[in-house]
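Undergrad: Below is a structure I'd like to ask you about.
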Amino acid sequence: MGKLRLRLWINLLIFCSACAAIFADCMSWEMLYRILKPLTTVLVISLLFFAKNPSLIKFKNIMVAALIFCLLGDILLLQDEFFVFGLGSFLIAHLLLTYGFVVLEGFRVHWISGLLFLGLGLSIFFWLKPDLGNMALAVAVYILAICCMAWQGFGLWFKKRIVAYALIAIAVFLFMFSDMMIAVNKFKSPFPLSGVVILSTYWMSIALIANAIFLKLKEQDR
């Protein structure tokens with residue numbers, strides 16, 4: 001029960017920090033936002049240090065590494081001139097998440113979901129392509145990586161209908177949506193409240209992933 005209460009408190013802190021960061025971004029309180037944005041992701045990562053399972057140590061380490069690259073991406077994206085490096089950090093995060101899902105349950109081949117994610121990714125890419133300029137190749141690789149991550153994340157749910165995998169399935173969809181909104185806002189057409197949409201779905205995504213990992217580690221530890 002102690003770890004469960006701790007998890008609930010950390011989730012509450014994540015929620016409060018995320019809301020404060022989004023509010024600071026809306027109010028253009030730049031200094032506060034620069035502190036709260038990485039802090040929120042650090043709180044998400046901290047969830048993983050309170051669930052231990054020797055049999056899943058490789059999986060846990062991969063997922064921690066993925067979230068650390070998300071944190072690095074958060075920091076880099078605070079400066080527009082570091083956008084490409086931030087994109088690279090999140091690309092590595094997506095590749096690590098995909099690898100972690102494969103380590104957990106093996107490579108899942110579910111053709112229907114794979115084709116749906118690929119179709120969605122290609123549709124977004126060709127819609128954005130006229131506005132991408134010399135970023136076209138980088139964005140294409142990034143979209144391919146996140147589609148693969150989402151495919152394997154959903155594959156966990158198709159294999160086992162458990163709460164942890166349901167959270168991951170929701171999370172990968174939200175992550176994909178958040179990244180697509182970043183692309184739309186940056187390359188196509190900036191839209192009102194873009195920060196609220198992008199940040200809220202991003203933090204919901206990684207928080208769900210962290211909670212899913214926590215549940216999976218505790219489940220296997222019984």
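The values are calculated or read from the model by the stated rules, or taken from the named source; none is laboratory data. Remember, predicted model here, so these are calculated numbers, not experimental data. Positions of Cβ are generated from backbone atoms using ideal geometry, with glycine treated the same way; all protein chains shown enter the neighbour counts. The accessibility values were calculated without ligands, DNA or RNA, using every heavy atom of the protein model including side chains. Shrake-Rupley method; radii C 1.70, N 1.55, O 1.52, S 1.80 Å.
Undergrad: Name every residue in region 177-188 that is in contact (Cβ under 8 Å) with a residue 24 or more places away in the chain and touching a Phe, Trp or Tyr at 6+ places or on another chain (Cβ under 8 Å), in order of residue number.
TA: Ser178, Asp179, Val184, Lys186, Lys188
Undergrad: Additional query: Quick one: what pairs do we get from region 127-145, first residue modelled with pLDDT under 95 and surrounded by fewer than 16 Cβ atoms within 10 Å (Cβ to Cβ), second in a helix (DSSP H, G or I) and of a type in the set (Phe, Trp, Tyr), C-beta under 6 Å, 6+ apart or different chains?
TA: Short answer, once both residue conditions are applied: Asp131/Phe187.
Undergrad: Could you please find all residues in region 192-213 being open to solvent by 50 Å² or more (accessible area, probe 1.4 Å) and modelled with pLDDT under 90?
TA: Those that are open to solvent by 50 Å² or more (accessible area, probe 1.4 Å) and modelled with pLDDT under 90: Pro192, Leu193.
Undergrad: Can you name every residue in region 64-83 that is open to solvent by 50 Å² or more (accessible area, probe 1.4 Å), modelled with pLDDT under 95 and in a helix (DSSP H, G or I)?
TA: Asp80, Glu81, Phe82
Undergrad: Sticking with this structure for a sec: Which condition number does Gly106 fail, the rest of (1) over 30 Å from Lys186 (Cβ atoms); (2) open to solvent by 60 Å² or more (accessible area, probe 1.4 Å); (3) small (Gly, Ala, Ser) being met?
TA: Of everything listed in (1) over 30 Å from Lys186 (Cβ atoms); (2) open to solvent by 60 Å² or more (accessible area, probe 1.4 Å); (3) small (Gly, Ala, Ser), Gly106 misses just condition (2).
Undergrad: Quick one: is Lys216 open to solvent by 20 Å² or more (accessible area, probe 1.4 Å), part of a helix (DSSP H, G or I), charged (D, E, K, R) and more than 16 Å from Leu67 (Cα to Cα)? Before you say what the answer is, go through the steps one by one.
TA: On the way: open to solvent by 20 Å² or more (accessible area, probe 1.4 Å): no; part of a helix (DSSP H, G or I): yes; charged (D, E, K, R): yes; more than 16 Å from Leu67 (Cα to Cα): yes.
So Lys216 fails the test.
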